[in-house]
Amino acid sequence: MSSIEVVWFVVVFVFVLVALARGYHRELGTTIIILLAAFIMFALTEKVDHFVSTTMAPYFRVDAKSETVEAIELLFFLTFFLVTLMGNYIGFGISAGGVPTAKGINRFFLNVAVGAVNGILTVSVVWFYFDYYHYPYTKQARLFFPETMSGFARSIVHALSTHLDVLLGTDVTYVGVVAALLLLFIVIRK
Amino acid sequence: MNTIGAPPDVQASITLLFFLLLFGWWGIHRGFIRELVVFVGLIFLRVDQGHILISLFNWFRFTLQLAALLFRNRHKGASAVFGNASNVYKATVASGSANNAETTTVLLGLLLATIVLIYVVSGLFKRKLPGFGALLGALNGYLLGSWLLPALPHALPTPQVISGGVSDAANNQAGQLLAQGLSKTQSILGLDPFYLIVVVCVAVVIWAMREIG
């Protein structure tokens, strides 16, 4: 197991701990927020890429395909995602309301499972963007060397590249999926 | 957005997601034990690759013929019904075409009837553990989806239906054709671990939504 996998497993573990503290009824709101944020990001990716490479790059006189441009784009999306996520945690997100009815082992399992789902979603989105922008400046900072990724990590990245941008992609049908999910959520709550 | 490798069918993915939601929701109401019975049944069908279905269908046909013989002299009406059923089947076999629509319909109907039967039998068991039922229900939905959904946009591969009296080699060929059809549906949606993770995540979310008062 390479260092990047350890980091991501730790992140998922932290999400599980947060879910154990907050409860799955609050964490479900986070799940919806992550899905919506991911959808917005995926829908905007090509537009942001186009804007940065055609408008900002010439202005600052840097190559449109340089590492700096990719780092700026990555920073933009990571900032958007993390601000949205943190905004949800400090009270600006969607809340399921109500109280958890599961008890005992079921409640514990649900807290852990929903936390893990949120952690996996977050890690997947962040990792996808790092990979999409080719891990800018991570080598210079001696943080991460993509060549050292294990087979398992490569398979995860490959799965994210081939599936995530289709499931969360710019295809308009995804709007329907998110809408249906939210609708189902609201219907069940009522 | 660029994709590395071949992207899966978006329509199939979206439809599969709704399939999982539906079956996960159903699993909550049916409970873990019932879904476990269905799961075992579906796994058996998948492992067997349809050999038992073909054998059972052949036996059913023999029964029809036998019944037709028995009733022929006494009840003309019954004879006509059974005789017609047998004739339709004979025509299907005689054509021997892999693209025969009747053969496809018969096999697909047979598969659906078996799945319905499995669900009916599972209903005899008690409803317990609704949360875990959602997990297993979504997994059953995934198994069924990977079988049946590709049959909607794509032409279903059509194996030959073998009647009694045909050689073992031909019977094996029919089994292989059905197996190829099933493996093709597998490759379209794929038994990719990614989808299994999606299944589990969706089931967890459904269960958690259910457990909020």
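The values are calculated or read from the model by the stated rules, or taken from the named source; none is laboratory data. Only a predicted model underlies this, so the values are computations on that prediction, with no experimental measurement involved. Methodologically, a virtual Cβ is constructed for each residue, glycine included, from the backbone with ideal geometry; neighbour enumeration extends over all protein chains shown.
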Log entry, pairs with first residue in the stretch B:21-35 being away from every other protein chain (no Cβ under 13 Å), second being part of a helix (DSSP H, G or I) and of a type in the set (K, R), beta carbons closer than 9 Å, six or more apart or on different chains, reads B:G27/B:R34
All helices (runs of 4 or more DSSP H) inside the stretch A:95-190 with 3 or more residues being modelled with pLDDT of 80 or more, under 20 Å from A:T84 (Cβ atoms) and more than 9 Å from every other protein chain (Cβ to nearest Cβ): A:104-132
Can you pull out the residues in the stretch A:1-35 that are within 14 Å of chain B (Cβ to nearest Cβ) and charged (D, E, K, R)? A:R22, A:R26, A:E27
Which listed residue is within 27 Å of A:S155 (Cα to Cα) and surrounded by 17 or more Cβ atoms within 10 Å (Cβ to Cβ), from A:A57, A:A71, A:A102, A:A113: A:A113
Criterion (at pLDDT below 75, surrounded by 19 or more Cβ atoms within 10 Å (Cβ to Cβ) and over 30 Å from A:V12 (Cα atoms)) met by exactly one of B:A151, B:A170, B:A174: B:A174
Check on A:L35, on the phi < 0 side of the Ramachandran plot, assigned to a helix (DSSP H, G or I) and modelled with pLDDT of 85 or more: no
Within the stretch A:36-46, tally of residues that are aliphatic (A, V, I, L, M) and crowded, with 20+ Cβ neighbours inside 10 Å: 3
Tell me yes or no: at least one residue of the stretch A:36-56 is closer than 19 Å to B:V204 by Cβ and within 13 Å of another protein chain (Cβ to nearest Cβ). yes
Restricting to the stretch B:111-134, and then to whatever is touching a residue at least 24 places away in the same chain (Cβ under 8 Å), assigned to a helix (DSSP H, G or I) and among the small types (G, A, S), can you tell me which residue is nearest to B:V37 (Cα to Cα)? B:S122
